[in-house]
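Below you'll find the structure, written out as structure tokens, and then a few comments.
The values are calculated or read from the model by the stated rules, or taken from the named source; none is laboratory data. For clarity, every value in this text was computed on a predicted model and none was experimentally measured. All Cβ positions, glycine included, derive from the backbone under ideal geometry; neighbour counts span all protein chains shown. Remember, those area values only see protein heavy atoms, side chains included, never the ligands or the DNA or RNA. Shrake-Rupley method; radii C 1.70, N 1.55, O 1.52, S 1.80 Å.
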Amino acid sequence: MSSSTEQTSRPTRLAAAAAVAGIEALGLIAGGVYMLVTSLTDGTGDLTGALTGAVTLVALGLIPLAAARGLWLRRSWSRGPAVITQILALPVAWQMLQANSAMIPAGIALGALAVTGLVLLVNPATTEALGIRRPGQDTP
């Protein structure tokens, strides 16, 4: 394979893993923006706490966003933050499923995304595309 082919060929699983991380990033950022707008327009409650929560969600959204970009560009460093994001999403999804509200469908969606993301990220095709060698694997 030529180097230009290697740079443009992206396994479907890797592209899907980047999409999962991107969706999670957009969800966190959208949640942060929603909290920010609500706290500024509502006028009730703790404005400082709401603003802190909103800024935190937006900042946390930047992690899977960077991971999604790195996965898309086939950067090996991006798998670590993407895997950590999926692992952290699982207990959040579990807590959402424990609610007796409209959060249950969101918990199902988040849980499905997290499990899908983990499966895609540990897939051998994804690992190979990122240039990550398994323990005991010889250098080509």
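Worth a mention:
- Any hit, the range 54-76, residues being within 12 Å of GLU24 (Cα to Cα) and over 11 Å from the mean Cα position of the chain (by Cα): yes
- Top-ranked residue in the range 62-101 [being in contact with a Leu (Cβ under 7 Å, 6 or more places away or on another chain) and polar (S, T, N, Q); ranked as nearest to ALA125 (Cα to Cα)]: SER76
- Selected residue (criterion: nearest to THR12 (Cα to Cα)) from residues of the range 89-133 that are open to solvent by 80 Å² or more (accessible area, probe 1.4 Å) and part of a loop (DSSP other than H, G, I, E, B): ARG133
- Residue check, GLY53 out of contact with any Gly (no Cβ under 7 Å at 6 or more places or on another chain), farther than 24 Å from ALA112 by Cβ and in a helix (DSSP H, G or I): yes
- Yes/no for ARG79 being assigned to a helix (DSSP H, G or I), over 23 Å from ILE108 (Cα atoms) and open to solvent by less than 70 Å² (accessible area, probe 1.4 Å): yes
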